[in-house]
1. Mind listing the phi-derived Karplus ³J(HN,Hα) values for the stretch 69-85, rounded to whole Hz, using 6.51, -1.76 and 1.60 with θ = phi - 60°, and x for any glycine or proline?
2. What are the ³J(HN,Hα) couplings of the stretch 24-38, residue after residue, when phi is run through the Karplus curve with 6.51, -1.76, 1.60 and θ = phi - 60°? Round to Hz, x for glycine and proline.
3. Using Cα-Cα distances under 8 Å and only pairs 6 or more residues apart, what relative contact order does the stretch 69-118 have, in percent?
4. Need one number for the stretch 33-82: average projected area of the convex hull over its C-alpha atoms, nm².
5. Around Val58, which amide H atoms from residues at least 5 apart in sequence, or from another chain, sit under 5 Å from its own amide H, with H modelled in the peptide plane?
6. With the contact rule set at Cα under 8 Å and sequence spacing of 6 or more, what percent relative contact order holds for the stretch 36-141?
7. Rounded, prolate or oblate: which fits the stretch 7-46 when a ≥ b ≥ c are the square roots of the eigenvalues of the alpha-carbon gyration tensor, with rounded for a/c under 1.5 and prolate only if a/b beats b/c?
8. So if each residue of separation counts as 0.36 nm, and I subtract the Cα-Cα distance between Val87 and His49, what length gain in nm does that give?
Amino acid sequence: DIIEDVQLHEALLHTGVMDTLQTMKAKGHYRALVTNNFQKNVQRSLDHHNLHGLFDRVVTREMVAKVKPDPEMVRLALGSNQAGDAVMVGDSVHDIVAAHAAGVSAYLYFPEENEQYYSYEYVKSFGADRIIRDFRELLEG
């Protein structure tokens, strides 16, 4: 728990996340958080970043038999919403694979600072429908 506390307090919310979630909520867009993380850790992160009420549904690993890249989590997050109307934003190949397997469009979040770890050409190979650099791009068009 001590290591998790340190990691949590060092974790920064990416630029544009709060504004994007608040705008999407105000426009009535359904928002779900799908993570392979544990509920306890997710709850602490939501508390730390004051993100309560910005997601209609939160799906964690305890809620499913198989985690991403299996599509079970994405399907659970969709609930009664239509997959064809949804977009999943993720930061890994597992997110892209899970979204596509569930029939959902997949956007890869790849901010410029991540190029220190992976090249843009490499992440293009993940097969995302779109690559975004800033969450506010979700509000365009």
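The values are calculated or read from the model by the stated rules, or taken from the named source; none is laboratory data. Bear in mind the structure is a predicted one, so any value in this text is a computation, not a measurement. Heads up, the Cβs are rebuilt from the backbone with ideal geometry, glycines too, and the neighbour counts pull from every protein chain shown. Areas reflect the complete protein model, heavy atoms only, side chains present, ligands, DNA and RNA absent. Shrake-Rupley method; radii C 1.70, N 1.55, O 1.52, S 1.80 Å.
1. x, 4, x, 4, 5, 5, 4, 5, 5, 5, x, 8, 6, 7, 4, x, 9
2. So the Karplus estimates, Gly and Pro as x, are 4, 5, 4, 7, x, 6, 5, 10, 10, 10, 10, 9, 6, 6, 7 Hz.
3. Working: 62 pairs, mean separation 19.5, N = 50.
Averaging sequence separation for qualifying contacts and normalising by length gives 39 percent for the stretch 69-118.
4. On the way: hull surface 14.3 nm².
Quarter of the Cα hull surface area: 3.6 nm².
5. Leu33
6. Working: 127 pairs, mean separation 20.3, N = 106.
So the answer I get is 19 percent.
7. On the way: a/c = 3.04, a/b = 1.52, b/c = 2.00.
Note, shape of the stretch 7-46 comes out oblate.
8. On the way: separation 38, 0.36 × 38 = 13.68 nm, distance 2.30 nm.
Length gained between Val87 and His49: 11.4 nm.
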